[in-house]
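The values are calculated or read from the model by the stated rules, or taken from the named source; none is laboratory data. All values reported here derive from a predicted model rather than from experimental measurement. Cβ placement follows ideal geometry from the backbone for every residue including glycine, while neighbour counts extend to all protein chains displayed.
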Amino acid sequence: MPYDLENMLVIGVASSALFDLAESHAVFVERGEDGYREYQEEHLDDTLKPGVAFPFVQRLLSLNDLDAERRLVEVIVLSRNDPETGLRVMKSIESHHLSITRAIFMQGRSPHRFMEALDMSLFLSANERDVREALEMGFAAGQVIGTPASGGADTSSGTGDLRIAFDFDGVLADDSSEQVMQTSGLDAFHTHEVDNVEVPIAEGRLAKLLRDINRIQDIEEKLAAVDHDYNRRVHVAIVTARNAPSHERVIRTLRARGLRVNDAFFLGGIEKAKVLRVLRPHIFFEDQRTHLVGAQNDVPSVHVPFGLLNNPGDD
């Protein structure tokens, strides 16, 4: 009987997002593919250190214990390594006790085009080109950036809370409102949002990811209904530069799309990094690199290069 991924939250993660490959990459640049292959073989049993996405993946996989009858989360490695050099990645996964058993290794090529076949809600990689290509194909993808210590969170135990933070425009919603802001200014943006407050904004690339996370939260709600002492483990926040009066369209859009979050921070130009350092999410998704500069070395950060502001022609 085939292994069915359809009703799971499926994440594709490149080895560059899951582990710290700075040393390996330096070897590749200095010694080329043959030298890289030799290096990985020599260090086959040296466990790779956690990368930016490690805390998120670790906590996400731990949610599989919420249902004894079926698996809720599947993480699949999507790697540019060939099977031989990818062996160190798989050994490191085993050493870190991550329940990841499936992988696609394609020498020198990104396997993100298989996302639809694998029912994936997200692809994470440190390779900007691969991420942009995935987004252009209509998939949800993000580039991990920065160097947060230990991934910005405790990696000693992956069974605690999972805190996920999203920007709104260009991430959960498309960038149509952001385009008004960029072309006409802040006052026009607020006017536009008030005038269209009852019109839901089109979904962004990561809306499906939130929808799948909400399904896991539904399971937790049922557990909490039975056990009033149950502590919910998954917490989702929106951290956006919007503020009143443009905040209402965010709330109405989420409701119309059947999406929900636990917390919302309508910051109106306050530096996001200050809030993120207190919130300490295990991952933060943002479409504007400028909002990540102050946070990327403190919290695990993901750039979603989608929309007008990320058009290479505008750089």
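Figures for the structure shown
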item: Residue that is nearest to Leu63 (Cα to Cα) [pool: residues in the range 159-179 that are of a type in the set (Gly, Ala, Ser) and in a loop (DSSP other than H, G, I, E, B)]; result: Gly160
item: Any pair with Cβ under 6 angstrom, 6 or more apart, that starts in the range 164-180 at a residue that is free of Cβ contacts under 8 Å to residues at least 24 places away in the same chain and over 28 Å from Pro55 (Cβ atoms) and ends at one that is buried (at least 24 other Cβ atoms within 10 Å of the Cβ) and of a type outside the set (A, V, I, L, M, F, W, C); result: none
item: Subset of the range 14-47 [touching a His at 6+ places or on another chain (Cβ under 9 Å), in contact (Cβ under 8 Å) with a residue 60 or more places away in the chain and polar (S, T, N, Q)]; result: Ser16
item: Residue check, Arg59 touching a His at 6+ places or on another chain (Cβ under 6 Å), touching a residue at least 40 places away in the same chain (Cβ under 8 Å) and outside any strand (DSSP E or B); result: yes
item: Among the residues listed as Ala173, Ala188, Ala207, the single one being small (Gly, Ala, Ser), surrounded by fewer than 17 Cβ atoms within 10 Å (Cβ to Cβ) and in the same structural domain as Leu292 (by TED's automatic domain parsing); result: Ala188
